[in-house]
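S.K.: Take a look at this one; I'll ask things after.
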């Protein structure tokens with residue numbers, strides 16, 4: 001292993017370097033003179049930047065951006081006034097909206113080449129959600145005075161905000177008025193189709209129930225609260241503690257993509273939906289097939305039973321690795337940021353499905369899952385990258401995997 005000289009991390013130690021690419025997670029990557037990789041938050045590929053080293057390991061270092069010496073055309077001034085205060089809620093406010101999807105495509109290609117060992121993988125750009133005012137779910141931190149905000153990037157410090165540019169205006173309106181006692185975090189959620197809004201305070205220093213004030217009477221409060229939202233012609237119930245996509249626009253884009261890549265030359269009679277959540281894909285993909293859903297969240301399973309009441313659906317509550325679903329013609333898997341890993345891949349393999357559609361929200365996890373699926377006989381057959389979280393480095397990728405050996409004769 002190559003050994004690099006140890007970098008000092010004293011205040012005032014600056015380096016000048018050229019950035020050449022973006023890493024999964026949204027930091028830019030350059031190299032200092034010795035060849036060591038340096039991850040720089042806030043820089044963009046092609047820029048010459050001056051940075052300050054904050055930490056160093058044997059083969060890489062992390063740095064903060066001090067100055068952009070030579071900027072690229074994709075750099076813009078953040079429109080949100082809270083960025084200057086250190087708010088880490090977005091992270092890519094300095095990137096032009098029309099350049100963000102291209103950067104995310106490059107991040108996915110790099111991850112598939114490095115972690116997935118597929119340097120020539122087919123990766124194409126999909127679509128982007130609206131750049132501002134799109135988010136219908138927010139998870140925020142609560143300050144001691146009861147106001148809310150986001151944590152600063154790379155820190156536990158909370159930056160109080162009075163509005164949020166990426167939030168739907170009806171949610172952003174609650175940010176300035178809400179006051180919470182006895183909670184550490186809070187979830188704000190709304191349904192665009194219905195106008196319903198909820199607030200769920202989470203955690204606290206003692207057993208006293210959190211107290212919420214400053215809300216209109218129409219806003220539901222608590223873990224049992226729910227909203228309803230419309231996606232692809234279906235109405236979904238979504239409880240406060242259930243996962244849902246960042247907006248109905250994002251959910252619609254994902255449903256369309258999964259439908260397109262799930263097309264097969266044989267009828268889908270049995271469909272397994274792993275990490276199924278509230279039933280988004282079970283309700284909208286392969287409508288004539290029997291569907292089996294696997295989901296560990298109790299609240300999401302309750303929602304799914306309601307959302308799939310008109311479908312031939314079995315909803316199994318528990319971990320993917322501990323439940324047998326039987327064989328299937330199609331698997332759709334939408335795991336958490338950590339991806340399938342070996343447990344999820346084993347669950348996919350057990351179905352003997354000839355076609356798998358993987359929905360990934362982390363490029364590095366996608367790369368690793370692609371390698372593991374490849375080792376299990378599944379061939380990568382194309383990835384489509386979506387920007388469903390504009391102003392942030394978060395990616396969403398829909399990937400098709402094929403296994404000819406599992407196809408019925």
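S.K.: Find the residue count for region 356-409, including only residues that are buried (at least 24 other Cβ atoms within 10 Å of the Cβ) and more than 17 Å from residue 108 (Cβ to Cβ).
M.R.: Result for region 356-409: 3.
Yes/no matrix, rows are residues, columns are (1) buried (at least 21 other Cβ atoms within 10 Å of the Cβ); (2) free of Cβ contacts under 8 Å to residues at least 40 places away in the same chain; (3) in a loop (DSSP other than H, G, I, E, B):
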site	(1), (2), (3)
192	no, no, yes
195	no, yes, yes
217	no, yes, yes
259	no, yes, no
263	no, yes, yes
266	no, no, yes
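S.K.: Mind checking whether some residue in region 171-183 is in a loop (DSSP other than H, G, I, E, B), within 22 Å of the chain's Cα centre (by Cα) and modelled with pLDDT under 95?
M.R.: No, there is no match, as no residue in region 171-183 is in a loop (DSSP other than H, G, I, E, B), within 22 Å of the chain's Cα centre (by Cα) and modelled with pLDDT under 95.
S.K.: Continuing with the same structure: Within region 273-296, identify whether any single residue is surrounded by fewer than 18 Cβ atoms within 10 Å (Cβ to Cβ) and in contact (Cβ under 8 Å) with a residue 60 or more places away in the chain, and answer yes or no.
M.R.: No, because not a single residue in region 273-296 is surrounded by fewer than 18 Cβ atoms within 10 Å (Cβ to Cβ) and in contact (Cβ under 8 Å) with a residue 60 or more places away in the chain.
S.K.: Before we move on, is residue 44 modelled with pLDDT of 95 or more and not assigned by TED's automatic domain parsing to the domain that holds residue 155?
M.R.: yes
S.K.: Being more than 21 Å from residue 296 (Cβ to Cβ) and assigned to a loop (DSSP other than H, G, I, E, B) is the filter; apply it to region 227-245 and report the residue that is nearest to the chain's Cα centre (by Cα).
M.R.: The residue in question is 232.
S.K.: Residues in region 88-105: is at least one touching a strand residue (DSSP E or B) at 6+ places or on another chain (Cβ under 9 Å), more than 23 Å from residue 385 (Cα to Cα) and surrounded by fewer than 16 Cβ atoms within 10 Å (Cβ to Cβ)?
M.R.: no
S.K.: If we only count strands (runs of 3 or more DSSP E) wholly inside region 329-396, which ones have 3 or more residues that are assigned by TED's automatic domain parsing to the domain that holds residue 252 and farther than 22 Å from residue 120 by Cβ?
M.R.: 330-333
S.K.: Kindly list the number of the only condition in (1) surrounded by 13 or more Cβ atoms within 10 Å (Cβ to Cβ); (2) at pLDDT below 90; (3) assigned to a strand (DSSP E or B) that fails for residue 55.
M.R.: If we test residue 55 against (1) surrounded by 13 or more Cβ atoms within 10 Å (Cβ to Cβ); (2) at pLDDT below 90; (3) assigned to a strand (DSSP E or B), just (1) comes out false.
The values are calculated or read from the model by the stated rules, or taken from the named source; none is laboratory data. Keep in mind that this is a model prediction, so the values were computed, not measured. Positions of Cβ are backbone-derived with ideal geometry, glycine not excepted, and every protein chain shown enters the neighbour counts.
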